[in-house]
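Working notes, structure below.
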Amino acid sequence: MRSLLRSDGAAFVGEGTVGGLRLALPGLLFASPRGSPPLELPPGAARLEERDPSGGMRRALRLAQGTEALDLQFAVATPEVAGGEEALLEMAPRVVGARTPLSASAQAQLRQGAYDLVVWLNARAAWTDSERFVREAIELREVAGPAPMIWAPRVATPGRLSELYALGLDLLDSTEGLFAMADGAFLSADAEGLEEAVGEGRTLVERGKALAGDYLSELALVRRYARAGRLRELVEARLVPEPKRGEVLRYFDGIGGPFQEAHTPIVGSGTRPYTTKEALRRPEVERFRRRLLTRYRPPPSKRTLLLVPCSMTKPYANSPSHRRIAHAIEGVPGGMGIHWGSVTSPLGIVPRELESFYPARNYDIPVTGSWDEDERGWVREALGHLQRSGSYEHTVVHLPREEYRWLEDLLPPEKVPWTVEGGSTTSGASLAHLASALHAAHASGVRGPPGGPLARVREELRSIAQFQFGAPMADRLFEDGVRLMGRPWFQHLFSPAKEDLATWREEVGLWRLTVPGARKVLAEARGSRVQVRPGVELRGDLFAPGVLEADPELRIGDDVILVRNGEVLGVGEARVPGPWMGRLPRGLVVKVRHRAHGEGRAGATDASEPAPADAPRTAG
């Protein structure tokens, strides 16, 4: 059974228990050549030993940790290679072996059982087909749920660890490394694939110790990246020595895209490098592009679309180049009707009010001025959406024409002014041309919404809410004459009765609801609700045993409305994905921010409290 400290995508950082073993996750089982002395392992690690089976056509393994041991026995049959229709194999108390693809009976057993460890018996056979391996790894995790550990035997070399853990596997072993070592392979992830005689002058025991050191070093690095929420960066860095890993990642980004997105936080911190082609398809990037097309609508009073290049500084509005442009057009009448859109890879176009959303605020890419077909497609798709859904009367293009000629069919220069001269967006000539084009566009005046500048700000903040929550919930939040109060970087939303409904902070980019705000939007809050189990008193944060069910659309960092019998109990921030909330046996699931009047103040449902045996699954 897994106990969560934190997650990074589908990778689980914490502890796993099975029998008397307490394993640090992500974890590794260390095999060693027969006859060699036991390896000295760090706390939380375990040894993998071959044992003599009790009968023919059977295999026996032992997982050993100090004085504790777990013996596993299972039948060896043809389905280990080919897959089969049999049910799960009982290997030890609360330990089962599964062969994929899972039969209907195996799926039913996995969903209904309470297992600590699931052994993927034919993982190595599945590894020979990258698409199959990805599909079946995802199937195994989705069917088993977040509670049990999954062990994939004999697939891991040191350089594969990060990718295998990112797929949602918990336990790997060093057996494959031993076989590769016997063939003379050099497996250190930092110098993998180099032609070196690793066995020369060393005994088998010495080579085994060196191999264990390679695994331990890479495992420590994996854990560091996972704790920082940046395991994907290590996965991409380990692709080069083995094309097979590139295959697996491409299938994971393709057929595994929805699975990845469900486990990817909605928030992030720091600057994230998006250096490789694979980085441009990370799940948070795909989600941003999709939400722009499906949720976002430009503020109705924005009458002129201004397209500008992105900048290294994030948010773009704080960059020297964007500040120079803003200064140059300060005197344009109706300036608040100008809608800035920053053209960028990999996000396409980022409207100004979305610049603080993750990953728009966090990404960094290599800039060469050369755009491939995918990158061009993302920009063109976003531009088409803005043109169709916005109320623009004019478009002004402040982009270097030589670099962006591939947009001319959508923005013909004979109809749309291109204002950059000499390739520099901040030269005096370019800025003067831009100001002139905007003055001409606004010469006849720009209509604004009733209510003046504050009404425009309200529209922008409503567009942010639509991008975050979806239109029905956002529209309900902003109905009934709501009022704003605050600074440009920190806004409060109030009802006409002066109830505080929600707050928005520029450094996060997200709206955070209050209890009155949650009550107002509850009927439209599909994707934001967690049902609290009857009898659980909400005294502090909400832990897994207190969850009855949760909307599966919830992501880590999302705003959560805590509900019981149709009544709002509180609001908070999701700490695990919605699909996990009703299936985890323990752990923090919602960091509670506000509780409804009358709810307790001290204590919380204890994370160590066992989940009730009849705990329902996550809401579908």
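Take the residues of the stretch 519-556 that are under 25 Å from residue 263 (Cβ atoms) and assigned to a helix (DSSP H, G or I): which is modelled with the highest pLDDT?
546
Is it fair to say residue 300 is farther than 26 Å from residue 8 by Cα, in contact with an Asp or Glu (Cβ under 7 Å, 6 or more places away or on another chain), not hydrophobic (A, V, I, L, M, F, W, C) and not in a helix (DSSP H, G or I)?
For residue 300, the condition - farther than 26 Å from residue 8 by Cα, in contact with an Asp or Glu (Cβ under 7 Å, 6 or more places away or on another chain), not hydrophobic (A, V, I, L, M, F, W, C) and not in a helix (DSSP H, G or I) - is met.
List every residue pair whose Cβ atoms lie under 8 Å apart, where the two residues are 6 or more positions apart in sequence or sit on different chains, the first residue falls within the stretch 115-144 and is free of Cβ contacts under 8 Å to residues at least 60 places away in the same chain and at negative phi, and the second residue, located anywhere, is open to solvent by 20 Å² or more (accessible area, probe 1.4 Å) and hydroxyl-bearing (Ser, Thr, Tyr).
144/115
Of all residues being buried (at least 21 other Cβ atoms within 10 Å of the Cβ) and without any contact (Cβ under 8 Å) to a residue 40 or more places away in the chain in the stretch 492-523, which is farthest from residue 594 (Cα to Cα)? Just the residue, please.
For the stretch 492-523, the residue satisfying everything is 493.
Could you tell me whether the stretch 332-346 includes any residue that is open to solvent by less than 10 Å² (accessible area, probe 1.4 Å), at pLDDT 95 or above, small (Gly, Ala, Ser) and assigned to a loop (DSSP other than H, G, I, E, B)?
yes
Name the single residue that is surrounded by the most Cβ atoms within 10 Å (Cβ to Cβ) among those in the stretch 218-243 being within 22 Å of residue 280 (Cβ to Cβ) and among the charged types (D, E, K, R).
232
Would you pick out the residues in the stretch 525-537 that are loosely packed, with under 15 Cβ neighbours inside 10 Å and either in contact with a strand residue (DSSP E or B) (Cβ under 8 Å, 6 or more places away or on another chain) or not basic (Lys, Arg) (or both)?
Matches in the stretch 525-537: 534, 535, 537.
Can you name every residue in the stretch 193-212 that is open to solvent by 40 Å² or more (accessible area, probe 1.4 Å) and either at pLDDT 70 or above or charged (D, E, K, R) (or both)?
Residues satisfying the conditions are 195, 196, 200, 202, 203, 205, 206, 207, 209.
Could you check the stretch 54-76 and list, in sequence order, the residues that are in contact with a Lys or Arg (Cβ under 9 Å, 6 or more places away or on another chain) and at pLDDT below 75?
76
Just the residues that are in contact with a strand residue (DSSP E or B) (Cβ under 9 Å, 6 or more places away or on another chain) and free of Cβ contacts under 8 Å to residues at least 40 places away in the same chain, please, taken from the stretch 538-559.
Within the stretch 538-559, 554 is the sole residue that qualifies.
To keep it simple, each residue is scored yes or no on (1) of a type in the set (Gly, Ala, Ser); (2) part of a strand (DSSP E or B); (3) modelled with pLDDT of 95 or more.
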| site | (1), (2), (3) |
| --- | --- |
| 458 | no, no, no |
| 463 | yes, no, yes |
| 472 | no, no, yes |
| 475 | no, no, yes |
| 485 | no, yes, no |
| 493 | no, yes, yes |
| 504 | no, yes, yes |
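Could we say that residue 576 is part of a strand (DSSP E or B) and either buried (at least 17 other Cβ atoms within 10 Å of the Cβ) or at pLDDT 95 or above (or both) here?
Against the criterion (part of a strand (DSSP E or B) and either buried (at least 17 other Cβ atoms within 10 Å of the Cβ) or at pLDDT 95 or above (or both)), residue 576 does not qualify.
Identify, from the list 317, 326, the residue that is free of Cβ contacts under 8 Å to residues at least 40 places away in the same chain, of a type in the set (Gly, Ala, Ser) and either farther than 30 Å from residue 229 by Cα or assigned to a strand (DSSP E or B) (or both).
326
Can you pull out every residue in the stretch 293-307 that is out of contact with any His (no Cβ under 8 Å at 6 or more places or on another chain) and either free of Cβ contacts under 8 Å to residues at least 60 places away in the same chain or open to solvent by 50 Å² or more (accessible area, probe 1.4 Å) (or both)?
Within the stretch 293-307, 294, 295, 297, 300 qualify.
Looking at the stretch 586-600, which of the residues that are part of a loop (DSSP other than H, G, I, E, B) and touching a strand residue (DSSP E or B) at 6+ places or on another chain (Cβ under 8 Å) is modelled with the highest pLDDT?
The extreme case among them is 596.
Residues in the stretch 203-261 that are over 20 Å from the mean Cα position of the chain (by Cα) and either within 30 Å of residue 38 (Cα to Cα) or of a type in the set (Ser, Thr, Tyr) (or both): how many?
So the answer is 18.
With respect to residue 424, is the statement that it is at pLDDT 95 or above and small (Gly, Ala, Ser) true?
So residue 424 passes the test.
The values are calculated or read from the model by the stated rules, or taken from the named source; none is laboratory data. Small disclaimer: the values here were computed from a predicted structure and weren't measured. Quick reminder, even Gly has a Cβ in these numbers, built from the backbone with ideal geometry, and neighbours come from all protein chains shown. Areas reflect the complete protein model, heavy atoms only, side chains present, ligands, DNA and RNA absent. Shrake-Rupley method; radii C 1.70, N 1.55, O 1.52, S 1.80 Å.
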